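This report concerns only the one structure given below.
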Amino acid sequence: MVSSPLSAACILLANLSVSSAFAPAGGANRVSSLSLQSNDGSEVSRRGFMENVATASAVIAGASSAFVAPTPAMAYGLSKANDRLAAYGLPPLSKALPNGFSALAEIYGKGANRSPLLVAFGFPLDWVVTLPSQDVNGEDGTIQAGEYARGDTATFFVVPDLKQTDVHAQDKEFFKSALIAAISQKGNNVYQDFKIVKINPVTADDGKYMLVDFKYTLLTGAGFEVERKGCASVTSAADGVQLLWAASIAARYKNKTEGQLRGITESFRCYGSGLNFSADLRPAPEAL
């Protein structure tokens, strides 16, 4: 049962809009699974009601498509993700993923317009997963997972115009610029008060990653200001800089999602150099 007619309307519209205000700009991604959860029917405080409205408004405001039909899962589940990594001679994702997590290992850049990368990370079992769309012009969209009705998302992003970089040698301004590029793909007027809270260098599976905590205010098309907090993992695989950023409404981050989002970003792995992706790539139009 939903808590009010307005909440019901918001959730319904969110259900019809898989691409949300938290999704990157570009063409509609391909959706592999769909799950929306309703409230438990308990009485909602005025503050909670307004938070629900703000969340749903943010989802609805950024919708770029009316409906995207589900398609079959590709490589979801820890064992399937690890099998795909093993096929490329890469180490498995940690078996110490949080309870209730699935995992994926997907190719970003199957189209001729992008350089291919193998992206892997864990995510909660009940989250929606979207993949890039493919057409004659190449590939569009990105790899993303989320509980969109609540504004919880994890999104892969390739930072434009950056070459291979030692991420451990970079300062907060470098990561601020990279993350602002990731969250502002719909325009610079969708956020304010962005701040890097903390950075922490780690080495995992012979790769360098920088774990980043951040916060900002989302400006929705409905006129709401939604405080959001999140974390990211930034790396430099092949010839570029890549990141996975995950965020939720600040109140949910504090009370529920911080552990989930950290589990997602800490599991993130990205590979490119030295891998033969030929079997997974989409032929260029002239080759068809």
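The values are calculated or read from the model by the stated rules, or taken from the named source; none is laboratory data. Bear in mind the structure is a predicted one, so any value in this text is a computation, not a measurement. Virtual Cβ from ideal backbone geometry, glycine too; neighbours counted across all protein chains shown. Side chains included, ligands, DNA and RNA excluded: accessible areas come from the protein's heavy atoms. Shrake-Rupley method; radii C 1.70, N 1.55, O 1.52, S 1.80 Å.
What FRET efficiency would be calculated for the residue pair K215, H168, taking the C-beta separation as r and a Förster radius of 25 Å, to the nearest 0.05? Calculated transfer efficiency: 0.65. Rounded to the nearest 10 square angstrom, R269 shows an accessible area of 40 square angstrom against a 1.4 Å probe. Shown for segment 72-176: the carbon plus sulfur share of the solvent-accessible area, taken with all protein chains present and a 1.4 angstrom probe, equals 51%. For A103, the residues whose modelled amide H falls within less than 5 Å of its own, excluding neighbours fewer than 5 places apart on the same chain, are G77, L78, F123.
How much of the accessible area of segment 204-288, probe 1.4 Å, is carbon plus sulfur, in whole percent? Ligands and nucleic acids excluded, carbon and sulfur give 46 percent.
The fraction of all Cα pairs in segment 142-286 landing in successive 5 Å bins from 0 to the largest distance is 2, 9, 19, 22, 19, 13, 8, 5, 2, 0, 0, given as whole percents. I143's amide H: which non-local residues (gap 5+, or another chain) put their own amide H closer than 5 Å, with H modeled 1.01 Å from N in plane and none for Pro or chain starts? Close amide H contacts, sequence-distant or interchain: F156. For segment 112-210, a/c is less than 1.5, where a ≥ b ≥ c are the root eigenvalues of the C-alpha gyration tensor. That puts it in the rounded class.
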